[in-house]
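The values are calculated or read from the model by the stated rules, or taken from the named source; none is laboratory data. It should be emphasised that the depicted structure is a prediction, and the values quoted were computed from it without experimental measurement. Cβ placement follows ideal geometry from the backbone for every residue including glycine, while neighbour counts extend to all protein chains displayed. Remember, those area values only see protein heavy atoms, side chains included, never the ligands or the DNA or RNA. Shrake-Rupley method; radii C 1.70, N 1.55, O 1.52, S 1.80 Å.
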Amino acid sequence: MNDDLMLTSSDPSTAVVLAEGEPVLKQLCDRIAPRFAREEVRQRLPRYLAALLQPLERRNGWQIAEQAGEAVPDGIQRLLNAARWEADAVRDDLRAYVVEHLGDPAAVWVIDETGFLKKGTQSVGVKRQYSGTAGRVENCQIGVFLAYASGHGRTFLDRELYLPKEWAADPERRRQAGVPETVEFATKPQLAQRMLARALDAAVPGAWVTGDEVYGDNRRLREWLESREQPYVLAVSCDERVQVVGGDPAPREEVAAVAAGLAPEAWARLSAGNGAKGPRLYDWVLVPLAEPAGAGRDRSLLVRRSCSDPTELAYYRVYGPVGTPLAEAVRVAGSRWAVEETIETSKGEVGLDQYEVRHWTPWYRYITLALLAHACLCVLRARAAEKGGPSQRLPSR
């Protein structure tokens, strides 16, 4: 790494962490350097990652180049476009790095997605579609992410770009955007399954999987997790049908009806983790289900109720070890909110949404390097927290 490489930040808590971060970043870059064919690219890599960690107004080619000490963005553009390296190989290095520094047998894998607002129709996968980030239908790309929430910190393991059906079925549009011929249409739950399979096959330590209704309502994903004997707490819609213990065996009840019939004393007030305003307190109940789960496994329905508005309810299917306590199920469910915050802060901390690339390969390259920078920052925060320094929680901008 160049002697003049400096990590700084206008955010005081981040600045304290980054002040001791150069050796950590150098170690990370040395680790992944063999993935890059040319020495020029290997030398540019630490400057590029360091620039992503800076509080730039926009992490575009020009600003990153200026931060990296380059007069023009040509080299930065080559890194993302023409240079010889495989983003998936670096993704594997990212996963190994996270496990090495943040690995935790009690960790939660969190499936989540985010929208990247875009103009025009040329950016790969862009269309008018619902963006949870915006809370409405927008012209955007959708990235599906596999995050890792451990007792040491929260960061990312994997990423996939959602390619809508009209894109997948349009040969000319695919050609112009550089979509590989082998890529076929896949739903968001299918993309999630691919990422989870990679993590499980790599023996990433963890205890649970969680995600919102997009993934919990997908029976095939749930069945696949069960085939891997992988516990989960997945949100489901209010019309999901279940069979409760001691209930009428036919027909199954909608989860909303089950919740409506619960006694007042069945609920317990617990925190699902800390938010910006302190503990996220809700009323919760865990209802045993009379559905076969296999040896050593139980199925339950977890219901969450707002303390201020009892009509505001959320539902989760739970598949896990026999006797899973309510507090553990609540911990897992709350991990998804923590990762939602992590996605948003990563946009400010490493520019996750600030890319200016349109094609398939550059998208994966930019996002992978941004996740790598985020993991490095997360490791730095974990080390600072161990020394009694700034919290590992990424600050919001």
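Please state the shape class of segment 20-81: rounded when a/c is under 1.5, otherwise prolate if a/b exceeds b/c and oblate if not, all from the C-alpha gyration tensor.
Note, shape of segment 20-81 comes out oblate.
Please report the orientation-averaged projected area of segment 257-381, defined via the convex hull of its C-alpha atoms, in nm².
In nm², the orientation-averaged hull projection of segment 257-381 is 11.5.
Compare the peptides 159-165, 143-149, 184-190 by average per-residue count of other Cβ atoms within 10 angstrom and give them in order, highest first.
Values: 159-165: 18.4, 143-149: 25.7, 184-190: 16.0.
Result, highest mean first: 143-149, 159-165, 184-190.
Label segment 226-312 by shape, choosing from rounded, prolate and oblate, from the square roots a ≥ b ≥ c of the eigenvalues of the Cα gyration tensor; if a/c is under 1.5 it is rounded, and otherwise prolate applies when a/b is larger than b/c, oblate when it is not.
Oblate is the answer for segment 226-312, as a/c is 1.5 or above yet b/c matches or exceeds a/b.
If I model a spin label as a point 7 Å beyond the Cα along the Cα-Cβ vector, how far apart are those points for ASP239 and ALA197 in nm?
About 3.0 nm, to one decimal.
Cβ under 15 Å from GLU229's Cβ, GLU229 left aside: what net charge do those residues give with Lys, Arg +1 and Asp, Glu -1?
Residues close to GLU229 contribute a combined charge of 0.
Among residues other than ARG241 whose Cβ falls under 10 Å from its Cβ, what is the net charge (Lys/Arg +1, Asp/Glu -1)?
So the surrounding residues net to -3.
Calculate the spin-label point distance for ALA82 paired with LYS119, positioning each point 7 Å from the Cα along the beta-carbon direction, and give it in nanometres.
A separation of 2.7 nm, rounded to one decimal place.
By its C-alpha gyration tensor, with a ≥ b ≥ c as the square roots of the eigenvalues, how is segment 66-150 shaped: rounded for a/c under 1.5, else prolate for a/b larger than b/c, else oblate?
Oblate shape, in that a/c is at least 1.5 and b/c is the bigger or equal ratio.
Around PRO321, what is the net charge, scoring Lys/Arg as +1 and Asp/Glu as -1 over all other residues with Cβ under 12 Å from its Cβ?
-1
Put a dot 7 Å past each Cα toward the Cβ at GLU356 and VAL72; how far apart are the dots in nm?
Here the answer is 1.5 nm between the modelled labels.
Could you list which residues have their amide H under 5 Å from that of GLY273, counting only those 5 or more apart in sequence or on another chain, with H placed in the peptide plane?
Placed amide hydrogens put ARG280 under 5 Å from GLY273.
Do the sum for the chain: with -39,500 (n - 2.57) for every DSSP H run of n ≥ 4, divided by all residues, what is the mean residue ellipticity at 222 nm, to the nearest 500 deg cm²/dmol? Walk me through the numbers on the way to the answer.
Details: 14 runs with 157 residues, N = 397.
It lands at -12000 deg cm²/dmol.
Using a 1.4 angstrom probe on heavy atoms only, work out the carbon and sulfur share of the accessible area of the chain in %.
49
Using a cut-off of 17 Å between alpha-carbon atoms, which aspartates and glutamates can reach LYS26, once sequence neighbours fewer than 8 places away in the same chain are excluded?
Partners found: ASP3, ASP4, GLU39, GLU40, ASP93, GLU100.
Quick one: of LYS277/LYS347; LYS118/LYS165; LYS188/LYS277; LYS347/LYS387; LYS119/LYS165, which pairs are farther than 25 Å apart, Cα to Cα? Intermediate values should be presented prior to the final figure.
Values: LYS277/LYS347 21 Å; LYS118/LYS165 18 Å; LYS188/LYS277 32 Å; LYS347/LYS387 27 Å; LYS119/LYS165 19 Å.
In this structure, LYS188/LYS277; LYS347/LYS387 exceed 25 Å between Cα atoms.
Which of the helices in the chain meet the span-like rule: DSSP H, Cα axial reach of 15 Å or more, Kyte-Doolittle mean at least -1.0?
Flagged H segments are 22-32, 39-52, 87-102, 188-201, 326-349, 360-386.
What are the ³J(HN,Hα) couplings of segment 291-307, residue after residue, when phi is run through the Karplus curve with 6.51, -1.76, 1.60 and θ = phi - 60°? Round to Hz, x for glycine and proline.
Using θ = phi - 60°, the values come out as 10, x, 10, x, 4, x, 10, 10, 10, 9, 10, 9, 10, 10, 10, 5, 5 Hz.
Over the Cα atoms of the chain, Rg to Rh with Kirkwood Rh, two decimal places? Could the numbers behind the result be given before it?
On the way: Rg = 22.1 Å, Rh = 22.3 Å.
Result for the chain is an Rg/Rh of 0.99.
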